[in-house]
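Novice: Provided herewith is a single structure, encoded as C-alpha cells, for subsequent inquiry.
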Amino acid sequence: MLDRQCQGTVPEKPHLRFENPDGGLYYEECLTRAGFDGAFSILYHRRRPHEAMPVDTARMTRAPEPLDDRQLYRRHYRTLALPSGGATLEARRPLLVNDDVVVSVLRPAAPDPTYVVNADGDDLYFVLEGGGVLESPFGRLDFATGDYVVVPKGVVHRFVPGSTHQAWLGVECRRGIGLPAHYRNAVGQLRMDAPYSHRDFRRPLLSEPLEPMLSDIAVKRGEVLHGFRAPASPLDVVGWDGTVYPFAFPIGAFQPRVGEVHLPPPVHATFEAVGALVCSFVPRPLDFHPRAQPIPYPHSSVDVDEVLFYANGDFGSRRGVGAGSLSHHPAGIAHGPHPGAYEATPPSPRTTELAVMLDCARPLRPTADALSVEDPDYHRSFVG
C-alpha cells in the first residue's frame, strides 16, 4: 500500500536533489524497514534534517528493569493506581518485559518537550482514556479513546495530549510489528475476509508543526536517550510517499469472527509482532449452538504467556477486574472463569467486553512498578 502527500511538486525518482520554484533546494530522507520487503517511505525536506548535532539532553528514559522472579503466579495489576504526569518519556512505566516486547502503561499529562525517535523498536499504543495529536514529518495524526496508534521504529515524532487525563497501554516491539500475513493477498492488499479494511486505518495529514521553533530530538537506543539539535524543525517537510508512517486504528472497527462453539483467541488477531500476537476482544455474539456454554472454558496456554488489558469491566467470566486491569497468565498455568461462573444465572447471548490481549512466545518478567500495583489475591481467586 503506497501513500503519498505533498505540498507542490515532488520528484518521481528517489535520491535526487531538486530545486523548488523559489530557487531553494529540497532534500529527501529515506526510511526503510529491514525484514519488511518493499517497506519504505521518502520524506521531502526543505532543509537538511540529517545535519542535527549531538547535544547533552540530560534526559533518561525509564528503562525496563525486570525482576528475577522465579515464582510462577497468575498476576493482576491495577495499572490506574500508577502515578500520572509528565510527558510520554517520563510517563512510561514498563510492567512486563522479555527480549521481544516491553509492555508498559503511560499516563502522560504534558506535551513532549522534544521530538523523539525510538531506535529500539516499533511502538504500539492503545488509548484507554484520553487522546491528542501525534506529530511527525508525515504530518498530524489525531487519536482518541479506543484507538490503536502505531509509530514505526526510527520515525521522528512528538505526542501532544489533548488533556491531562490520559491512560494508554504501550507495547514496544523490538523486532517490528505489522498486520498478520494471513489477512493479505499475494500483492499485500487486505483480503475481503480480513477483520478490517484499508479505510479503517487513519494516516497523518501533512501540516505545519505546532511548535515551529522546536528542533531538539531525543533518540532512544539501548534504553538510553541521546540528544541532538537540528538547524530547523525536523517537521519542515513538503511531501512524502511510501509505506512506512504512523497510523491509527480504532478498536471498534475490528470485525470479530463468531461461531456456534468457542473459537480460539487467534481469530481475534489484530497485529502481529516477532514473538507476540496482539488480539482485540470487542462486543460480539457469544457461542450460539443450543448446547454451547458461552463462558470460556479453563485452559492452559502451553506455548505463550498471555496478557490481557481490560478496557472495561464487562467480563462475565471474571470478577474483580475493571478498566485498566492488566492480567498476566504464564504459560503452563491453567486459568479461566471465576469459580461458580458456570452455576450462576445463564449468561447473555452477547458480550460487551473490550480488551487487548497479547500472546508472547518468550516468558515475561514483571518489574518493580508492576509489583507495586499487584492484586495479591488474584492467584487465589481461581480456587475459591
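The values are calculated or read from the model by the stated rules, or taken from the named source; none is laboratory data. Just so it is clear, the model here is predicted, and its values are computed rather than measured. Cβ coordinates were reconstructed from backbone atoms using ideal geometry, including for glycine residues, and neighbour counts include every protein chain displayed.
Novice: Criterion first (assigned to a strand (DSSP E or B) and crowded, with 19+ Cβ neighbours inside 10 Å) does Pro94 satisfy it?
Specialist: Taking the combined requirement at face value, the residue satisfies it.
Novice: Can you tell me which residue within region 195-217, out of those that are small (Gly, Ala, Ser) and touching a residue at least 12 places away in the same chain (Cβ under 8 Å), is nearest to Val238 (Cα to Cα)?
Specialist: If we take residues in region 195-217 being small (Gly, Ala, Ser) and touching a residue at least 12 places away in the same chain (Cβ under 8 Å), then Ser207 is nearest to Val238 (Cα to Cα).
Novice: Looking at region 333-353, I want the residues that are at pLDDT 65 or above and have a partner that is among the acidic types (Asp, Glu) and not in a loop (DSSP other than H, G, I, E, B) with Cβ atoms under 8 Å, at least 6 apart or on another chain. Which pairs are those?
Specialist: Cβ pairs passing all conditions: His335/Glu306.
Novice: Could I ask something else about it? Assuming Pro111 fulfils every condition listed in (1) outside any loop (DSSP other than H, G, I, E, B); (2) modelled with pLDDT of 95 or more; (3) not polar (S, T, N, Q) apart from one, which condition is it?
Specialist: All conditions are met except number (1).
Novice: Anything in region 116-146 that is surrounded by fewer than 20 Cβ atoms within 10 Å (Cβ to Cβ), of a type in the set (Gly, Ala, Ser) and closer than 20 Å to Thr270 by Cα? List them, or say none.
Specialist: Of everything in region 116-146, those that are surrounded by fewer than 20 Cβ atoms within 10 Å (Cβ to Cβ), of a type in the set (Gly, Ala, Ser) and closer than 20 Å to Thr270 by Cα turn out to be Ala144, Gly146.
Novice: Separate question: Does at least one position in region 238-247 carry a residue that is modelled with pLDDT of 95 or more, surrounded by 15 or more Cβ atoms within 10 Å (Cβ to Cβ), assigned to a strand (DSSP E or B) and outside the structural domain of Asp112 (by TED's automatic domain parsing)?
Specialist: There is at least one residue in region 238-247 that is modelled with pLDDT of 95 or more, surrounded by 15 or more Cβ atoms within 10 Å (Cβ to Cβ), assigned to a strand (DSSP E or B) and outside the structural domain of Asp112 (by TED's automatic domain parsing).
Novice: Out of the residues in region 348-373 that are among the small types (Gly, Ala, Ser) and over 17 Å from Val282 (Cα atoms), state the one that is surrounded by the fewest Cβ atoms within 10 Å (Cβ to Cβ).
Specialist: Step by step, filter region 348-373, then rank; the result is Ala368.
Novice: Could you tell me whether region 313-331 includes any residue that is under 19 Å from Tyr148 (Cα atoms), crowded, with 19+ Cβ neighbours inside 10 Å and touching a helix residue (DSSP H, G or I) at 6+ places or on another chain (Cβ under 6 Å)?
Specialist: Yes, region 313-331 contains a residue that is under 19 Å from Tyr148 (Cα atoms), crowded, with 19+ Cβ neighbours inside 10 Å and touching a helix residue (DSSP H, G or I) at 6+ places or on another chain (Cβ under 6 Å).
Novice: Let me ask something else. Scanning for something aliphatic (A, V, I, L, M), more than 16 Å from the chain's Cα centre (by Cα) and closer than 21 Å to Tyr125 by Cα, does region 195-215 turn up at least one residue? Give the steps one after another, and end with the answer.
Specialist: At the first step, the residues of region 195-215 found to be aliphatic (A, V, I, L, M) are 205-206, 210, 213-214.
If we keep only those that are more than 16 Å from the chain's Cα centre (by Cα) as well, we get 205-206, 210, 213-214.
When the remaining residues are screened for being closer than 21 Å to Tyr125 by Cα, the result is 205.
The answer is yes, given that some residue of region 195-215 is aliphatic (A, V, I, L, M), more than 16 Å from the chain's Cα centre (by Cα) and closer than 21 Å to Tyr125 by Cα.
Novice: Here is a further query. Somewhere in region 219-238, is a residue free of Cβ contacts under 8 Å to residues at least 24 places away in the same chain and in contact with a strand residue (DSSP E or B) (Cβ under 7 Å, 6 or more places away or on another chain)?
Specialist: no
Novice: Step by step: first the residues of region 120-143, then only those that are in contact (Cβ under 8 Å) with a residue 40 or more places away in the chain and in contact with a Gly (Cβ under 6 Å, 6 or more places away or on another chain), then the one that is farthest from Ala253 (Cα to Cα). Which residue is that?
Specialist: Once the filter is applied, the top-ranked residue is Asp122.
Novice: Quickly run through region 125-148 and pick out the residues that are over 23 Å from Cys30 (Cβ atoms) and aliphatic (A, V, I, L, M).
Specialist: Val127, Leu128, Val133, Ala144
Novice: Here are the criteria: (1) buried (at least 16 other Cβ atoms within 10 Å of the Cβ); (2) in the same structural domain as Tyr148 (by TED's automatic domain parsing); (3) within 22 Å of Ser104 (Cβ to Cβ). Tell me which single one Cys279 does not satisfy.
Specialist: Just one mismatch for Cys279, condition (2).
Novice: Residues in region 282-301: is at least one within 15 Å of Ala361 (Cα to Cα) and more than 18 Å from the chain's Cα centre (by Cα)?
Specialist: Yes, region 282-301 contains at least one residue that is within 15 Å of Ala361 (Cα to Cα) and more than 18 Å from the chain's Cα centre (by Cα).
Novice: Do we have Thr57 as at pLDDT below 80 and either in contact with a Phe, Trp or Tyr (Cβ under 6 Å, 6 or more places away or on another chain) or farther than 21 Å from Leu277 by Cα (or both) here? Walk me through how you get there before you give the answer.
Specialist: Working: at pLDDT below 80: yes; either in contact with a Phe, Trp or Tyr (Cβ under 6 Å, 6 or more places away or on another chain) or farther than 21 Å from Leu277 by Cα (or both): yes.
Answer is yes for this residue.
Novice: Going by the conditions given, is Thr164 among the hydroxyl-bearing types (Ser, Thr, Tyr), at pLDDT below 95, at negative phi and not assigned by TED's automatic domain parsing to the domain that holds Glu374? Step through it out loud before you land on a result.
Specialist: On the way: among the hydroxyl-bearing types (Ser, Thr, Tyr): yes; at pLDDT below 95: yes; at negative phi: yes; not assigned by TED's automatic domain parsing to the domain that holds Glu374: yes.
Taking the combined requirement at face value, the residue satisfies it.
Novice: So which residues in region 28-42 are assigned to a loop (DSSP other than H, G, I, E, B), of a type in the set (A, V, I, L, M) and buried (at least 17 other Cβ atoms within 10 Å of the Cβ)? Break it down into steps so the answer makes sense when it comes.
Specialist: Here is the first cut: in region 28-42, the ones assigned to a loop (DSSP other than H, G, I, E, B) are 33-39.
Cutting the leftovers down to of a type in the set (A, V, I, L, M) gives us 34, 39.
Within region 28-42, Ala39 is the sole residue that qualifies.
Novice: OK, next. Give Pro285, Pro266, Pro256, Pro231 a once-over and let me know the one that is assigned by TED's automatic domain parsing to the domain that holds Ile333 and touching a helix residue (DSSP H, G or I) at 6+ places or on another chain (Cβ under 7 Å).
Specialist: Result of the check over Pro285, Pro266, Pro256, Pro231: Pro256.
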